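Trainee: Questions regarding the structure given below will be posed in turn.
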Amino acid sequence: MRAIAIVGAGQAGLQLGLGLLGAGYAVTLVAERRPEEVRAGRVTSTQLMFGPALRLERDAGLALWDDTAPVMPCFQLSHWDPDGRPEAPPRRFTAPFDEEVRSVDQRVKLSAWLELFEERGGRVEYRSVGRAEVAALAAAHDLTVLATGRGELSALFAPDTSWPAHERPPRSLACFYVRGARHDASDPAAGYVRTTGVPSTGDVIVLRALTVGGPCDVLLFEGRWGGAYDCWADRPGAADGLRRALDLLRRYAPWEYERFRDAEPTDAGAALYGAVTPAVRHPVGRVGAASPSSAWPTPSPSTTRSPGRAPTTPRGRRPVTCPPSWSAGSGPSTNAGCGRRSTRTGRPPGTPTPSPTS
């Protein structure tokens with residue numbers, strides 16, 4: 001039986017690990033936090049799962065929230081310029097989704113999947129991992145997969161220079177999980193995925209979700225640098241942050257303010273702030289490499305490469321790889337959720353939205 005190690009217990013790492021267990025592999029998962037710590041911690045992302053991704057979870061027996069997670073039937077885009085033409089009404093576009101769309105707080109999903117992984121016979125090591133630990137894992141397993149890109153581990157993968165390089169995050173991010181927003185039959189759009197764009201400030205994205213206390217709404221601010229939405233440097237607590245968010249809605253999306261004026265945070269960990277710099281890296285690295293550039297070797301008689309495929313590895317040298325994904329992104333349709341992995345060769349449809357990192 002082949003032995004596989006996975007570093008990272010997020011959407012990609014856990015879904016991969018559970019799938020490999022079902023296929024008969026011996027899988028060791030390295031996670032920083034136990035299920036109860038994940039469940040009781042702060043929010044880690046926004047996330048939006050579309051039909052193709054939901055089908056993958058159902059086929060794997062991992063769609064545990066079909067009876068409880070809200071379904072969002074439509075997308076609504078609003079554009080308004082209160083600074084330039086405040087008298088003009090917002091321009092608005094609404095369209096139904098082809099398939100159902102849902103969002104489950106990763107604290108709920110990942111803690112449950114981690115427990116399921118152990119129940120199905122997977123081995124979990126609860127600890128942090130650096131470069132030296134990755135080398136030890138690679139030496140002891142047939143394949144080591146990194147499903148996390150934070151800190152020094154991302155340096156194991158060389159940048160893919162065929163993609164544009166970003167020197168700074170494109171937006172300042174803040175999100176809040178709230179309860180008490182208005183939902184009634186007279187306002188069906190309250191159950192949609194909604195984006196309001198204002199040229200001078202950025203975007204606010206609203207969606208329904210399932211969190212640790214039940215159904216909720218999520219507010220995600222993607223602020224232009226120097227604009228009104230770029231105001232979270234002091235990292236306020238959830239209650240103070242939401243009050244500030246409501247003041248912004250009153251000014252830049254008053255129709256959303258009316259829906260959220262009585263809202264409150266779902267819990268003490270219901271706020272997240274940060275910014276993400278997009279980066280694309282090659283998917284295979286070599287532990288012990290002297291520099292990131294040597295993580296993607298030049299083809300040689302012992303290391304060959306075909307277009308679109310990872311290099312083959314000489315006997316005795318086990319590669320470290322990573323599931324294809326964006327390391328980061330911004331906007332409701334790029335992956336926020338998973339946005340902490342380090343490489344990309346192609347992004348599967350329906351992956352979660354990117355997470356702001358602190």
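The values are calculated or read from the model by the stated rules, or taken from the named source; none is laboratory data. No experiment lies behind these values; they were computed from the predicted model shown. Please note: Cβ atoms are built from the backbone with ideal geometry, for glycine as well, and neighbour counts cover all protein chains shown. Note: accessible area is taken over every heavy atom of the protein model, side chains too, but ligands, DNA and RNA are not part of it. Shrake-Rupley method; radii C 1.70, N 1.55, O 1.52, S 1.80 Å.
Trainee: Looking at Ser162, is it surrounded by fewer than 17 Cβ atoms within 10 Å (Cβ to Cβ), out of contact with any Asp or Glu (no Cβ under 8 Å at 6 or more places or on another chain) and among the hydroxyl-bearing types (Ser, Thr, Tyr)?
Mentor: Taking the combined requirement at face value, the residue satisfies it.
Trainee: What are the residues in the range 194-229 that are out of contact with any Pro (no Cβ under 7 Å at 6 or more places or on another chain) and of a type in the set (Val, Ile, Thr), if any?
Mentor: Selection gives Thr196, Thr201, Val204, Val206, Thr211, Val212, Val218.
Trainee: In the range 126-164, how many residues are under 22 Å from Leu20 (Cα atoms), at pLDDT 90 or above and of a type in the set (Ser, Thr, Tyr)?
Mentor: Total satisfying the criteria: 2.
Trainee: To continue, here is another question. Any idea how many residues of the range 98-125 are open to solvent by 50 Å² or more (accessible area, probe 1.4 Å) and within 30 Å of Val218 (Cα to Cα)?
Mentor: Qualifying residue count, the range 98-125: 4.
Trainee: Also: Among Val206, Val218, which is under 28 Å from Val108 (Cβ atoms), touching a helix residue (DSSP H, G or I) at 6+ places or on another chain (Cβ under 7 Å) and surrounded by 21 or more Cβ atoms within 10 Å (Cβ to Cβ)? Explain how you work it out, then say what you get.
Mentor: Values: Val218 fails: touching a helix residue (DSSP H, G or I) at 6+ places or on another chain (Cβ under 7 Å).
On inspection, the qualifying residue turns out to be Val206.
Trainee: Identify the single condition in (1) open to solvent by 50 Å² or more (accessible area, probe 1.4 Å); (2) of a type outside the set (A, V, I, L, M, F, W, C); (3) out of contact with any Cys (no Cβ under 9 Å at 6 or more places or on another chain) that Gly237 does not satisfy, given that it satisfies every other one.
Mentor: Among (1) open to solvent by 50 Å² or more (accessible area, probe 1.4 Å); (2) of a type outside the set (A, V, I, L, M, F, W, C); (3) out of contact with any Cys (no Cβ under 9 Å at 6 or more places or on another chain), Gly237 violates only (1).
Trainee: Among the candidates Val71, Val27, which residue alone is touching a Leu at 6+ places or on another chain (Cβ under 6 Å) and either at pLDDT 95 or above or surrounded by fewer than 17 Cβ atoms within 10 Å (Cβ to Cβ) (or both)?
Mentor: Checking each option against the conditions leaves just Val27.
Trainee: For the range 106-144, name all the residues that are within 21 Å of the chain's Cα centre (by Cα) and part of a helix (DSSP H, G or I).
Mentor: Those that are within 21 Å of the chain's Cα centre (by Cα) and part of a helix (DSSP H, G or I): Gln106, Arg107, Val108, Lys109, Leu110, Ser111, Ala112, Trp113, Leu114, Glu115, Leu116, Phe117.
Trainee: What single numbered condition from (1) within 22 Å of Arg92 (Cα to Cα); (2) part of a loop (DSSP other than H, G, I, E, B) fails to hold for Gly226?
Mentor: Result: Gly226 fails condition (1) only.
Trainee: Separate question: What strands (runs of 3 or more DSSP E) lie completely within the range 1-97 and have 2 or more residues being of a type outside the set (Phe, Trp, Tyr) and closer than 25 Å to Leu153 by Cβ?
Mentor: Numbers: elements: 3-7, 26-31, 74-79, 91-96.
Fully inside the range 1-97 and qualifying: 3-7, 26-31.
Trainee: Only one of Asp262, Asp230 is acidic (Asp, Glu) and exposed (fewer than 13 other Cβ atoms within 10 Å of the Cβ); which?
Mentor: Unique residue meeting the criteria: Asp262.
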